[in-house]
Amino acid sequence: MLNKVQIIYLTPKKQDIVDMKFEIGDTVEDVILKSGILDRNNEISLVDNKFGIWGKLIDLKTTVCPEDRIEIYRKLMFDPKEVRRRRAARK
């Protein structure tokens, strides 16, 4: 089995998807740094953004496994609960 992962960062206007090989023992942070995705998307912050593997939130120190899909989540622009409250108040 090849040691490959996919890194995904999506915005409403673009998709940045990177397929890459990794070494056994690499962490999510290692793979993201090696991928070059941070250079192309300067709005991504290893401190502020959240990260996941197959939809499950993970820590940057999580060790990657073959065929993992590492997802970089954007910060919420608005709190969904607050948006619903405001919408309900207008009705």
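The values are calculated or read from the model by the stated rules, or taken from the named source; none is laboratory data. Here the structure is a predicted model, which is why all the values come from computation and not from measurement. Here the Cβ positions follow ideal geometry from the backbone for every residue, glycine too, while neighbour counts run over all protein chains shown.
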Residues satisfying the stated conditions in the range 37-50, i.e. surrounded by 15 or more Cβ atoms within 10 Å (Cβ to Cβ) and aliphatic (A, V, I, L, M): 37, 38, 44
Counting only residues that are of a type in the set (A, V, I, L, M, F, W, C) and touching a helix residue (DSSP H, G or I) at 6+ places or on another chain (Cβ under 7 Å), which one in the range 39-71 is farthest from residue 9 (Cα to Cα)? 64
May I ask you to list the residues in the range 1-15 that are assigned to a loop (DSSP other than H, G, I, E, B), in contact (Cβ under 8 Å) with a residue 60 or more places away in the chain and either within 17 Å of residue 74 (Cβ to Cβ) or among the small types (Gly, Ala, Ser) (or both)? 11
Could you check the range 34-91 and list, in sequence order, the residues that are farther than 18 Å from residue 18 by Cα, of a type in the set (Asp, Glu) and not in a loop (DSSP other than H, G, I, E, B)? 82
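Matching residues to (1) under 12 Å from the mean Cα position of the chain (by Cα); (2) at pLDDT below 95:
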{"residue": "19", "(1), (2)": "no, no"}
{"residue": "31", "(1), (2)": "yes, no"}
{"residue": "64", "(1), (2)": "no, no"}
{"residue": "69", "(1), (2)": "yes, no"}
{"residue": "74", "(1), (2)": "yes, yes"}
{"residue": "90", "(1), (2)": "no, yes"}
Answer from 58, 53, 70 - the residue that is among the hydrophobic types (A, V, I, L, M, F, W, C), under 17 Å from residue 5 (Cβ atoms), surrounded by 12 or more Cβ atoms within 10 Å (Cβ to Cβ) and in contact (Cβ under 8 Å) with a residue 40 or more places away in the chain: 70
Taking only the range 16-33 into account, find how many residues are free of Cβ contacts under 8 Å to residues at least 40 places away in the same chain and either over 18 Å from residue 58 (Cβ atoms) or part of a loop (DSSP other than H, G, I, E, B) (or both). 8
